[in-house]
Amino acid sequence: MPPFAIADILIVEDSLLHSQLAASLCLELGASEVREARDGQAGLERMRERLPELLLLDLEMPRLDGVQVLQHMARDNLRVPVIVTSGKDYMLISAVEQMGRELGLPILGGLKKPLRKQDLVDLLRRRWGHDALSAQAEDLCSDTEIRLALDSGQIIPYYQPKVTLDNGRLKGAEMLARWNHPDKGIIPPSRFIPVMEACGWVTELTLLMLEQGLKQWQEWARHGIRIPLSVNLSALSLKGDTLVPEIEARLRASRVPARYTIFEITETAVADNLAEAIGIAARLRLSGFGLSIDDFGTGFATLQQLTRFPFTELKIDQSLVTSVCEKPHLEVILNSIIELAQRMQLSTVAEGIETVADLEFMGMRGCSMGQGYHIARPMDAPRFGDWVKQHLAAIQPAQPR
Ligand code: C2E
Ligand code: CA
Ligand code: CA
């Protein structure tokens, strides 16, 4: 039995043959109701009658095509998780997926026709119930609550390991902020970081994460684990005279060598004073910290920034990495990114490694490190410590020292 229970599925597809094939796959996967519509207009009508739990949407159709259907869905707030299907090339499918996401729709992914059961199962297994869906249902938390959380120590780091792709050696961990809410449990950063950014509290968040990370580093070092910790640094923080001294002061107090901290910077394009931002980045490098360009390959992390900022590491965005084998058109872009990074002597990290296929593909193309659910999900410090012990035990026989 697949790990998802989808009761009501709508298939919008003009070809009777493809529609029947899709319907029988859905029934096999346990859907209790499958509705079909033969064109975009009819599909929208079915959705207005009742929102399905999942939509399989073809692109080429009479009356309204798949692109127009997505546009109407966004306009009319028909929030249904979508799988885009088409017999056309991957480039087109992926462009439409991207368009849907830009419109704010929960797009699970794209599949080439004829649909195959295993591809559908794999896609649903990966996407059903996480990010695309949950992100939509989320509301931002209030600024007063978040302020309280910051002041009362409820914002804690989770740690996600970064390993080499060729032999799984542990190379570091990224610290990801979580709100450990006394009643609501763990709250993800998408629900509080936008508010912190709007209120001007993200620098405070970075310093708080750094402080906790340095303490944790010392504790792990006592157990023989010495790995670099990566801290996310918003481009909004790259201004003023205080950031570098504040960071250095924490480092001095902890006596952890600077090379064990890497700052991951995203969206440097939005830094309003570029010269000032570059100056701060350069001073961080001079102090011995690593500097990583995050989400490379998305709209924000561009080639131009790569040449302007003194980065030491490049993190390839997960949109280019996850299910890369199903997206052959990305191969040439990935090859160029990795080659570019190598020429610039930057280490490369593939984010969003969700399957062994993702891992092998990126490894074969020369990307040195990876991070993702297939390796491990972000964990709190005690669980990370346990994971490291198990991981070391598992890879030790392969690499005698
Ligand atoms: P990011 O820096 O790109 O972090 C990677 C995100 O991808 C994390 O989401 C991580 O949990 C998730 N992830 C890891 N492996 C996989 C995978 O295999 N598949 C998929 N689909 N996702 C994976 P998270 O923890 O929800 O963080 C979201 C974003 O929030 C981060 O994106 C980062 O931009 C921001 N953030 C997190 N902590 C901080 C922080 O302390 N300061 C700042 N300024 N931003 C932070
Ligand atoms: Ca990051
Ligand atoms: Ca990233």
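Nothing in this text is a laboratory measurement; each read-out follows from the coordinates by a stated rule. Quick caveat: nothing in here was measured; it's all calculated off a predicted structure. As a convention, Cβ positions derive from the backbone with ideal geometry for all residues, glycine included, and neighbour counts pool all protein chains shown.
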### Query
Using alpha-carbon pairs under 8 Å, 6+ residues apart, how would you state the relative contact order of segment 65-218 in percent?
15
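As a check on your grasp of the helix formula, calculate [θ] at 222 nm for the chain: sum -39500 (n - 2.57) over DSSP H runs of n ≥ 4, divide by the residue count, round to the nearest 500. The partial results should precede the final answer.
Details: 16 runs with 173 residues, N = 401.
It lands at -13000 deg cm²/dmol.
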#### Entry: Projected label distance in nm at Ala5 and Arg35, using a 7 Å step from Cα toward the beta-carbon
2.2
## Note on the structure
The rounded separation in angstrom of the Cα centers of segment 194-251 and segment 69-134 is 36
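Averaging sequence separations of C-alpha pairs under 8 Å and six or more residues apart, then dividing by the length of the chain, give the relative contact order as a whole percent. Walk me through the numbers on the way to the answer.
Numbers: 676 pairs, mean separation 44.4, N = 401.
About 11 percent, as a whole number.
What number of lysine-lysine pairs in segment 70-196 show an alpha-carbon separation below 27 angstrom, given a sequence spacing of 8 or more or placement on distinct chains?
Value for segment 70-196: 4.
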#### Entry: Cβ crowding within 10 Å averaged over residues, with 150-161, 325-336 ranked highest first
150-161, 325-336
### Summary
Projecting the Cα atoms of Ile293, Gly279, His329 onto the charge dipole of segment 264-363, where Lys and Arg contribute +1 and Asp and Glu -1 at Cβ, the residue farthest towards the positive end is Gly279
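Name the shape class, rounded, prolate or oblate, that the alpha-carbon gyration tensor gives for segment 161-315, where a ≥ b ≥ c are the square roots of its eigenvalues, rounded holds for a/c under 1.5, and otherwise prolate holds if a/b is larger than b/c and oblate otherwise. Could the numbers behind the result be given before it?
Working: a/c = 1.31, a/b = 1.14, b/c = 1.15.
Taking the square roots of the gyration eigenvalues as a ≥ b ≥ c, segment 161-315 is rounded.
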### Dipole moment magnitude, nearest 20 debye, the chain about Cα centre, only Lys, Arg, Asp, Glu C-beta charged
1360
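Counting only DSSP beta bridges with both residues in the chain, what percent are antiparallel, rounded to the nearest 5? Provide the component values of the computation, followed by the final result.
Values: 15 of 57 bridges.
Once the DSSP bridges in the chain are tallied, antiparallel ones form about 25 percent.
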### Task
Assign one of three labels to segment 8-135, namely rounded, prolate or oblate, based on the Cα gyration tensor with a ≥ b ≥ c the square roots of its eigenvalues; rounded applies when a/c is under 1.5, prolate when it is not and a/b is larger than b/c, and oblate otherwise.
rounded
### Message
At 7 Å along Cα-to-Cβ for each site, give me the label-to-label distance between Asp139 and Asn180 in nm.
### Response
2.6
